[in-house]
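The values are calculated or read from the model by the stated rules, or taken from the named source; none is laboratory data. Nothing here was measured: the structure is a model prediction, and the numbers come from that model. A quick note on method: Cβ atoms are made from the backbone with ideal geometry, for glycine too, and the neighbour counts reach across all protein chains shown. In case anyone asks, the SASA skips ligands and DNA or RNA and just uses the protein heavy atoms, side chains included. Shrake-Rupley method; radii C 1.70, N 1.55, O 1.52, S 1.80 Å.
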Amino acid sequence: MKSVIEARGLTKYFDGRAAVRGIDLTIPAGRCFGVLGPNGAGKTTTLRMLLGVSPPTSGELKVFDLPITSAGREIRARMGVVPQLDNLDPDFTVAENLRIYGRYFGIAPVALNARIRELLAFVNLADRADSPIATLSGGMKRRLTIARALVNEPELVVLDEPTTGLDPQARHMIWGKLRELRAAGKTLLLTTHYMEEAERLCDELVIMDHGKILAQGSPKALVRAHVEPEVIEVRGDDARARALLSGIRDGRTEAVGDTCYFYTRDARAVVAGLEKSPEFTFLHRPANLEDVFLRLTGRDLRD
Amino acid sequence: MLHIFWLPRFRYAAGAVWRRNVLVWRKFFTPSLLINFGEPFLYLLGLGYGLGLFIGEMMDMPYLTFLASGILASSAMNTASFEAMYSVYTRMVPQRTYDAIMATPLEVHDILAGEVLWSATKSLISGATILLVAAALGAVHSWQALWVLPVLFLTGLCFAGLGLIMTAFAQGYDFFNYYMTLVLTPMFILSGVFYPVSSLPDPLQVAVQILPLVHAVDLVRPLVAGQPVTNVLMHLSVLVVYSVASYAIAAVLIRRRLLI
Ligand SMILES: Nc1ncnc2c1ncn2[C@@H]1O[C@H](COP(=O)(O)OP(=O)(O)OP(=O)(O)O)[C@@H](O)[C@H]1O
Ligand SMILES: [Mg+2]
């Protein structure tokens with residue numbers, strides 16, 4: 001399969017402090033690829049290097065098989081970007097934002113007008129074409145930013161935390177749009193710290209922390225490889241429940257805050273045991289990406 | 001230097017940035033034009049007529065003409081400086097407009113070239129309005145005064161480049177006050193806008209020759225008064241050297257700031 005992004009030993013230091021430490025990435029065409037990581041993991045730094053606006057300290061980076069150091073212009077012409085922080089042009093309306101942006105790509109006026117109509121319809125903003133940016137909600141701004149990233153009909157769309165700070169409706173709507181893009185054959189690269197988002201959208205993902213890639217694979221494969229298939233969560237500071245769980249040999253317990261997680265291959269016996277005592281409140285569920293994430297990145301709080 | 005930093009960078013891309021600014025300006029056309037007209041009008045009417053009554057002639061021209069030509073040059077300086085500092089900083093830092101542009105095929109050089117061209121364009125616009133006001137007040141003596149427009153554009157380029165250097169270092173708007181107070185205001189007072197440089201003490205007369213505004217005034221004044229212009233090549237060279245050198249320095253500094 002043809003790969004769209006190839007990184008080897010990609011490294012970035014800021015004033016002697018490492019933000020990205022020698023990562024290798026191969027992102028195949030036509031897939032949705034996720035970068036999952038806590039705050040400060042180095043996600044944005046990695047994306048900025050892909051754009052050619054942040055020169056790597058060392059390592060090799062090719063996008064569309066072109067070296068980023070010398071072909072940034074050409075690469076960006078074929079790529080769309082949704083940045084972590086909105087940077088829509090506040091001096092212009094919704095449609096004007098797309099028009100101005102299209103001009104930076106040198107798109108001819110007639111083609112651009114047609115494209116703007118299409119894009120506004122795609123992100124359900126056709127009726128807001130003449131609204132100033134300041135009057136848009138957070139979700140609308142995000143959708144407009146996505147439309148803006150598509151103005152040059154990119155092969156690769158890079159999205160840095162596309163749904164952070166949005167309500168569930170807005171988030172679902174954006175997920176739907178991203179799936180449509182993926183179905184239309186575009187390669188998507190997105191960063192997120194929402195497990196649900198990664199699980200729903202990504203064909204493949206890497207988990208990143210402290211500038212390193214800790215694991216790579218499809219969401220299902222990652223769960224299979226890194227945690228036991230079943231989890232029992234016991235909430236509350238219940239010493240008896242803990243004692244009960246930690247007494248069982250065929251599993252692993254971990255405590256986070258006031259919740260106790262019990263990971264096991266087969267939870268039947270434990271569930272039966274817990275059900276005998278009505279005072280226990282517990283949740284029995286299949287393991288998911290969050291368990292992998294917490295296992296790999298640790299439980300400590302990030303800034 | 002000229003070859004590396006300047007000429008190859010003015011492509012369609014710089015035009016896109018320039019056009020963006022033109023479109024914003026058009027939106028605020030009326031208020032910005034009012035400001036453009038208002039300030040020089042006050043200067044010319046207040047100082048030109050008021051002082052002119054006592055002064056009469058200065059350097060073989062009515063004081064109103066003398067002052068109008070000084071104001072033409074200094075407003076080109078102020079307009080371009082303001083644009084290259086406050087407006088560019090706004091787009092670079094709080095609005096993150098440049099971050100958005102840098103995700104397109106444009107490069108930092110294209111953005112800066114567009115900004116410098118736009119700043120000079122604003123100098124041209126403000127110059128044209130002042131010239132109209134001055135002409136209406138009878139201060140313009142010859143059609144050769146139209147040549148001041150390209151001179152003001154060049155003056156704009158020169159101060160836009162210098163302003164961009166300040167912007168490269170700015171961490172907030174307050175920073176620009178230093179440059180305004182320590183550089184622009186003294187230049188405004190010492191460059192022959194209100195009185196001829198020849199009335200300054202001898203050593204100072206020599207020293208002020210390094211100020212670009214002096215050369216802009218020396219070009220503009222005879223053009224407005226209908227007198228022959230002297231040392232054209234020398235005056236133009238000073239402005240061109242300032243423009244090219246300041247742009248080159250600013251481009252290096254701002255690239256270093258944005259491409260991290
Ligand atoms: N311009 C910069 N100068 C200095 N340090 C920086 C700069 N940008 C990022 N860093 C540092 O690099 C590390 C990685 O930051 P980065 O923004 O890439 O993280 P992230 O994974 O995107 O986090 P978040 O989820 O909070 O957006 C952090 O420690 C951050 O402080
Ligand atoms: Mg980030």
(request) Quickly run through the range A:150-161 and pick out the residues that are within 12 Å of ligand 2 (Cβ to nearest atom) and not in a strand (DSSP E or B). (result) A:Glu161
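Of everything in the range A:68-81 that's more than 7 Å from chain B (Cβ to nearest Cβ) and open to solvent by 50 Å² or more (accessible area, probe 1.4 Å), which residue is nearest to A:Lys12 (Cα to Cα)?
Across the range A:68-81, the extreme among qualifying residues is A:Thr69.
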(message) I'd like the full set of residues that are within 10 Å of chain A (Cβ to nearest Cβ) and open to solvent by less than 10 Å² (accessible area, probe 1.4 Å), limited to the range B:87-101.
(response) B:Thr97, B:Tyr98, B:Ala100, B:Ile101
(message) Given the criterion modelled with pLDDT of 95 or more and either within 16 Å of ligand 2 (Cβ to nearest atom) or surrounded by fewer than 21 Cβ atoms within 10 Å (Cβ to Cβ) (or both), identify the matching residue among A:Ala108, A:Ala170, A:Ala134.
(response) A:Ala134
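Yes/no matrix, rows are residues, columns are (1) within 20 Å of A:Gly217 (Cα to Cα); (2) within 8 Å of ligand 1 (Cβ to nearest atom):
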| position | (1), (2) |
| --- | --- |
| A:Ala7 | yes, no |
| A:Ile23 | yes, no |
| A:Ile27 | yes, no |
| A:Cys32 | yes, no |
| A:Thr46 | yes, yes |
| A:Thr57 | no, no |
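Residue-wise test of (1) in a helix (DSSP H, G or I); (2) surrounded by fewer than 19 Cβ atoms within 10 Å (Cβ to Cβ); (3) aromatic (Phe, Trp, Tyr).
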| site | (1), (2), (3) |
| --- | --- |
| B:Gly172 | no, yes, no |
| B:Gly192 | no, no, no |
| B:Ser198 | yes, yes, no |
| B:Ala207 | yes, yes, no |
| B:Leu213 | yes, no, no |
| B:Thr230 | no, yes, no |
(request) From the list B:Ala14, B:Ala84, B:Ala73, pick out the single residue that is within 14 Å of chain A (Cβ to nearest Cβ), touching a residue at least 60 places away in the same chain (Cβ under 8 Å) and either of a type in the set (Asp, Glu) or assigned to a helix (DSSP H, G or I) (or both). (result) B:Ala14
(request) Being within 13 Å of ligand 2 (Cβ to nearest atom), surrounded by fewer than 24 Cβ atoms within 10 Å (Cβ to Cβ) and more than 11 Å from chain B (Cβ to nearest Cβ) is the filter here, so list the residues in the range A:17-41 that pass it. (result) A:Pro38, A:Asn39, A:Gly40
(message) For the range A:42-67, give me each residue that is within 7 Å of chain B (Cβ to nearest Cβ) and of a type in the set (A, V, I, L, M, F, W, C).
(response) A:Leu51, A:Val53
(request) Search the range A:82-99 for residues that are more than 7 Å from chain B (Cβ to nearest Cβ) and pair each with any residue that is part of a strand (DSSP E or B) and surrounded by fewer than 19 Cβ atoms within 10 Å (Cβ to Cβ) when their beta-carbon atoms are under 7 Å apart and the residues are at least 6 apart or on different chains. (result) A:Thr93/A:Pro132
(message) For the range B:104-122: of the residues being open to solvent by less than 10 Å² (accessible area, probe 1.4 Å) and of a type in the set (A, V, I, L, M), which is farthest from the other protein chains (Cβ to nearest Cβ)?
(response) B:Ala120
(request) For residues that are part of a strand (DSSP E or B) and over 20 Å from A:Ile75 (Cα atoms), tally how many sit in the range A:13-27. (result) 9
(message) Regarding the range B:147-157, can at least one residue be identified that is within 14 Å of chain A (Cβ to nearest Cβ), under 30 Å from B:Ala251 (Cα atoms) and not β-branched (Val, Ile, Thr)?
(response) no
(request) Hey, can you tell me all the residues within the range A:43-71 that are within 16 Å of ligand 2 (Cβ to nearest atom) and not in a helix (DSSP H, G or I)? (result) A:Val53, A:Ser54
(request) Give me the pairs, please: first residue somewhere in the range A:186-203 and within 14 Å of chain B (Cβ to nearest Cβ), second residue anywhere and within 15 Å of ligand 2 (Cβ to nearest atom), beta-carbon distance under 6 Å, and either six or more positions apart or on two chains. (result) A:Leu189/A:Val158
(request) Only residues in the range A:147-165 that are away from chain B (no Cβ under 12 Å) and without any contact (Cβ under 8 Å) to a residue 60 or more places away in the chain count as the first member; pair them with residues that are open to solvent by less than 10 Å² (accessible area, probe 1.4 Å) and within 16 Å of ligand 1 (Cβ to nearest atom), Cβ under 7 angstrom, at least 6 apart or cross-chain, and list the lot. (result) A:Thr163/A:Glu197
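Condition first: within 14 Å of another protein chain (Cβ to nearest Cβ) and either more than 16 Å from ligand 2 (Cβ to nearest atom) or at positive phi (or both). Now tell me which residues in the range A:1-16 satisfy that.
Scanning the range A:1-16 gives A:Tyr13, A:Asp15, A:Gly16.
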(message) Which pairs turn up if I take residues in the range A:22-39 that are of a type in the set (Ser, Thr, Tyr) and look for partners that are at pLDDT below 95 with beta carbon separation below 6 Å, at least 6 apart in sequence or on another chain?
(response) A:Thr26/A:Ser3
(message) Just to be sure before I move on: is A:Glu204 under 20 Å from A:Leu47 (Cβ atoms), more than 16 Å from ligand 1 (Cβ to nearest atom) and of a type in the set (Asp, Glu) in the structure I sent?
(response) yes
(request) Report yes if A:Asp86 is acidic (Asp, Glu), open to solvent by 20 Å² or more (accessible area, probe 1.4 Å) and within 16 Å of ligand 2 (Cβ to nearest atom), otherwise no. (result) yes
(request) Check off (1) in contact with a helix residue (DSSP H, G or I) (Cβ under 8 Å, 6 or more places away or on another chain); (2) crowded, with 16+ Cβ neighbours inside 10 Å; (3) not in a helix (DSSP H, G or I) for A:Ala255 and give me the number that stays unchecked. (result) (2)
